[in-house]
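Participant: Dumping the structure here so I can ask a few things about it.
The values are calculated or read from the model by the stated rules, or taken from the named source; none is laboratory data. Bear in mind that the values here come from a model prediction, so they are computed numbers and not experimental data. Glycine also receives a Cβ, built like all others from the backbone with ideal geometry; neighbour counts cover every protein chain displayed. With ligands, DNA and RNA removed, areas are computed over all heavy atoms of the protein, side chains included. Shrake-Rupley method; radii C 1.70, N 1.55, O 1.52, S 1.80 Å.
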Amino acid sequence: MPALNSSTASESGLAERLRRWFCAYRNSPICLGHGVVKRVFRLCLGRYQRVTLGNGLRMEVDLEREVQSSIFWFDGGLEPELAWLVREFLPVGGTFVDCGANCGYIGLMARRLRHAKVLFVEPHPRLAETVRRNLGLNGWLEECEVVEAAASEVAGTVTLFESGDRDGSHSLLADWEKSSGSRREIAVAACTLSSLLEGRSGFERVDFLKIDTEGHDVAVLRGMGEWLCPPRVPVIYSEMGRDRESGWELLTRAGYRGFGYRALTRQPMRRLMKRYGEGAPVALFHPLDSASSATSETVWVASRSAAAQFLESLAADAAAQPS
């Protein structure tokens, strides 16, 4: 499996023009042919690209990898709901843990937008190396750290099931995804977040914890131990997939209040983010009343905190507006 190599990555005017044109076309009212246009443009480009995204972040990407290709073609506009959370809830100069970092985009964005000190936790060897490469490209190797391990509820050696055709779907769960491509089993180190964080300089408190571990999020939460409390980790983003009931009970008992992503489609999200860029408040998350109401993407903040009141007020204002 080829790894991204700085010597083969290129930054060309053609790539930038094609990428900008595709973004403009994708954000236009025309809803047809996006995939066709992207495939035609892809024929003109080398596999490895070095780009400067619209938010100023520099990255080397492999266009054969699903997540990295999306970052390239969307000009960094991937997961706008997470970008919104980072802007609203991560203090400038704060601490951010990117658990299940993949190529590191979310943690890199936290560093770029909020000057955060970031700890990346990623078990896949190739992806962990990609994170290190992108940190070096941005000059952040001194301010950030990569831990090449899987976060879990116990330490040791575990099996990572590599998705053959979706680079964002590697999982510790053997049945997480039915992959149509080749599938490898990789032995990787596992650790708990409590062991990673305890005594780590600069991480006496984690201002924002993002967990995206392809079905393993509840095990990661269990491995936090005494760190699972709002005074030490005030904001947690997690993808509530399997074990939703267990995750709900664990987080609510620890004093957190859950809010679920509204799962907006492309055009409504584009309109909301345009309003947000103009300074208007927007509601991307709504309060959750039970585990059964939880969406796949959730943010957890301290119950009855200013953050919870802020999210509740945004949701209430949005509900009061005519549809």
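Participant: With respect to Asp217, determine if the residue is open to solvent by less than 20 Å² (accessible area, probe 1.4 Å), of a type in the set (Asp, Glu) and either at pLDDT below 95 or closer than 26 Å to Met109 by Cβ (or both). Outline the logic, then answer.
Facilitator: Numbers: open to solvent by less than 20 Å² (accessible area, probe 1.4 Å): yes; of a type in the set (Asp, Glu): yes; either at pLDDT below 95 or closer than 26 Å to Met109 by Cβ (or both): yes.
So Asp217 passes the test.
Okay, residues lined up against (1) hydroxyl-bearing (Ser, Thr, Tyr); (2) under 30 Å from Arg26 (Cβ atoms):
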residue: Arg183; (1), (2): no, no
residue: Thr192; (1), (2): yes, no
residue: Arg242; (1), (2): no, no
residue: Trp248; (1), (2): no, no
residue: Arg253; (1), (2): no, no
residue: Met273; (1), (2): no, yes
residue: Ala280; (1), (2): no, yes
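Participant: Listed residues Leu196, Leu251, Leu209; which is assigned to a helix (DSSP H, G or I) and closer than 19 Å to Leu119 by Cα?
Facilitator: Values: Leu251 fails: closer than 19 Å to Leu119 by Cα; Leu209 fails: assigned to a helix (DSSP H, G or I).
Of Leu196, Leu251, Leu209, the one residue that is assigned to a helix (DSSP H, G or I) and closer than 19 Å to Leu119 by Cα is Leu196.
Participant: A follow-up question, please. Can you tell me which residue among Glu64, Glu60 is in contact (Cβ under 8 Å) with a residue 60 or more places away in the chain and more than 29 Å from Pro281 (Cβ to Cβ)?
Facilitator: Values: Glu64 fails: in contact (Cβ under 8 Å) with a residue 60 or more places away in the chain.
Exactly one of Glu64, Glu60 is in contact (Cβ under 8 Å) with a residue 60 or more places away in the chain and more than 29 Å from Pro281 (Cβ to Cβ), namely Glu60.
Participant: Does the range 228-242 contain at least one residue that is free of Cβ contacts under 8 Å to residues at least 40 places away in the same chain, under 20 Å from the mean Cα position of the chain (by Cα) and open to solvent by less than 40 Å² (accessible area, probe 1.4 Å)?
Facilitator: Scanning the range 228-242, I find at least one residue that is free of Cβ contacts under 8 Å to residues at least 40 places away in the same chain, under 20 Å from the mean Cα position of the chain (by Cα) and open to solvent by less than 40 Å² (accessible area, probe 1.4 Å), so the answer is yes.
Participant: Anything in the range 290-314 that is touching a Lys or Arg at 6+ places or on another chain (Cβ under 8 Å) and among the aromatic types (Phe, Trp, Tyr)? List them, or say none.
Facilitator: Trp300
Participant: Next question, about the same structure. Restricting attention to the range 12-41, which residues are surrounded by 16 or more Cβ atoms within 10 Å (Cβ to Cβ) and within 28 Å of Pro268 (Cβ to Cβ)? Let's see the steps before the verdict.
Facilitator: Taking the range 12-41 first, the residues surrounded by 16 or more Cβ atoms within 10 Å (Cβ to Cβ) are 15, 18-19, 22-23, 26, 37-38, 41.
Leu18, Arg19, Phe22, Cys23, Arg26, Val37, Lys38, Phe41, listed by residue number.
Participant: Ok, one more. Hey, could you check the range 42-78 for residues that are touching a strand residue (DSSP E or B) at 6+ places or on another chain (Cβ under 8 Å) and among the aromatic types (Phe, Trp, Tyr) and say which is most open to solvent (accessible area, probe 1.4 Å)?
Facilitator: The extreme case among them is Tyr48.
Participant: Looking at Ser292 and the list (1) part of a loop (DSSP other than H, G, I, E, B); (2) within 23 Å of Ile211 (Cα to Cα); (3) over 22 Å from the mean Cα position of the chain (by Cα), which single condition is not satisfied?
Facilitator: Failed condition: (1).
Participant: Checking the condition in a strand (DSSP E or B), out of contact with any Asp or Glu (no Cβ under 8 Å at 6 or more places or on another chain) and either among the aromatic types (Phe, Trp, Tyr) or over 16 Å from Val121 (Cα atoms) (or both), which residue from Arg257, Arg270, Arg242 passes? Can you show your working first?
Facilitator: Values: Arg270 fails: in a strand (DSSP E or B); Arg242 fails: in a strand (DSSP E or B).
Among Arg257, Arg270, Arg242, only Arg257 is in a strand (DSSP E or B), out of contact with any Asp or Glu (no Cβ under 8 Å at 6 or more places or on another chain) and either among the aromatic types (Phe, Trp, Tyr) or over 16 Å from Val121 (Cα atoms) (or both).
Participant: Run Asp62 past the list (1) under 25 Å from the mean Cα position of the chain (by Cα); (2) at pLDDT below 90 and report the number of the one that doesn't hold.
Facilitator: (2)
Participant: Still on this structure: Under 9 Å between Cβ atoms, at least 6 apart or on separate chains: pull out the pairs that start in the range 281-303 with a residue that is of a type in the set (Asp, Glu) and end on any residue that is in a loop (DSSP other than H, G, I, E, B) and open to solvent by less than 10 Å² (accessible area, probe 1.4 Å).
Facilitator: Glu297/Met240
Participant: Could you check the range 235-254 and list, in sequence order, the residues that are in contact with a strand residue (DSSP E or B) (Cβ under 6 Å, 6 or more places away or on another chain) and not β-branched (Val, Ile, Thr)?
Facilitator: Result: Tyr237, Ser238, Glu239, Met240, Leu251.
Participant: Filter the range 273-285 for residues that are part of a loop (DSSP other than H, G, I, E, B) and among the charged types (D, E, K, R) and give the result.
Facilitator: Answer for the range 273-285, where residues must be part of a loop (DSSP other than H, G, I, E, B) and among the charged types (D, E, K, R): just Glu278.
Participant: Just a yes or no: is a residue in the range 88-105 surrounded by fewer than 21 Cβ atoms within 10 Å (Cβ to Cβ), among the acidic types (Asp, Glu) and either free of Cβ contacts under 8 Å to residues at least 40 places away in the same chain or closer than 24 Å to Val282 by Cα (or both)?
Facilitator: Scanning the range 88-105 turns up at least one residue that is surrounded by fewer than 21 Cβ atoms within 10 Å (Cβ to Cβ), among the acidic types (Asp, Glu) and either free of Cβ contacts under 8 Å to residues at least 40 places away in the same chain or closer than 24 Å to Val282 by Cα (or both).
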